[in-house]
Amino acid sequence: MNVEKVSAETADSGLPENYAELKKEAGRSADWRARLSAVEELGNYPHRQVIDILTRLAESDPVYTVQEAAYLKLKAFGENVAAPSKNKPELFKGITKILLRIKKSLPRNHTYEEFKEKLKKMRIDVYDAYEGEKGEDFDKWLESKWSSVK
């Protein structure tokens, strides 16, 4: 099948030509910005496959900003969806254990910056989700967690 025919079929189906790429971006667990960007673009195509992706993100994305964007796109499509809750106790089950393991893997007198870099290397999914969720308060939150885990 040639590329022109594939593009024409995709356009005829009501999906964007770059649907496969957007679907992949919407599933990137370690990049909330990519997921948000995919939501923004997919939100222009009221197609069942797009609605399924947006529904999944609205219901279960760890970053509220992504959930809210997906929810708003679904509402604009006329879908009956529940608004996401901003109050989540933990984005990742066992976050304290995760952070403790990382802290213990570092030398005893490590710095906060070393801890932050190790978290980013070892658990980019956790780092990215909390960075997206906490926004400007991310460093303050993470440093507080780093200080308190023993």
Task: Size of charge dipole - the chain - debye, nearest 20, with Cβ of Lys, Arg +1 and Asp, Glu -1, no other charges - done: 1140
Task: Dipole magnitude (debye, nearest 20) for segment 56-124, charges at Cβ of Lys, Arg, Asp, Glu - done: 480
Task: Pairs from K23/K73; K24/K118; K24/K134 whose Cα-Cα separation, in the structure shown, is over 19 Å - done: K24/K118; K24/K134
Task: Protein accessible area in the chain, 1.4 Å probe - carbon and sulfur % - done: 49
- [ ] Provide the three semi-axes, in whole Å and in decreasing order, of the ellipsoid equivalent to segment 56-148 as defined by the square roots of 5 times the Cα gyration tensor eigenvalues.
- [x] 32, 11, 10
Task: Neighbour-limited loop hits for trypsin sites (Lys or Arg not before Pro), segment 60-135 (at most 13 other Cβ within 10 Å; DSSP other than H, G, I, E, B) - done: K86, K93, R108
Task: Helix runs (DSSP H) in the chain reaching 24 Å along axis by Cα, Kyte-Doolittle at least -1.0 - done: none
- [ ] Quickly estimate the mean residue ellipticity at 222 nm for the chain, helices only: each DSSP H run with n ≥ 4 gives -39500 (n - 2.57), and the total goes over all residues, rounded to 500.
- [x] -20000 deg cm²/dmol
Task: Computed label-point distance, nm, for sites K150 and T111 using a 7 Å Cα→Cβ extension - done: 2.5
Task: F138 paired with D52, simple spin-label distance in nm, labels 7 Å along Cα-to-beta-carbon - done: 3.1
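The values are calculated or read from the model by the stated rules, or taken from the named source; none is laboratory data. Only a predicted model underlies this, so the values are computations on that prediction, with no experimental measurement involved. Please note: Cβ atoms are built from the backbone with ideal geometry, for glycine as well, and neighbour counts cover all protein chains shown. Accessible surface areas use protein heavy atoms only, side chains included; no ligands, DNA or RNA. Shrake-Rupley method; radii C 1.70, N 1.55, O 1.52, S 1.80 Å.
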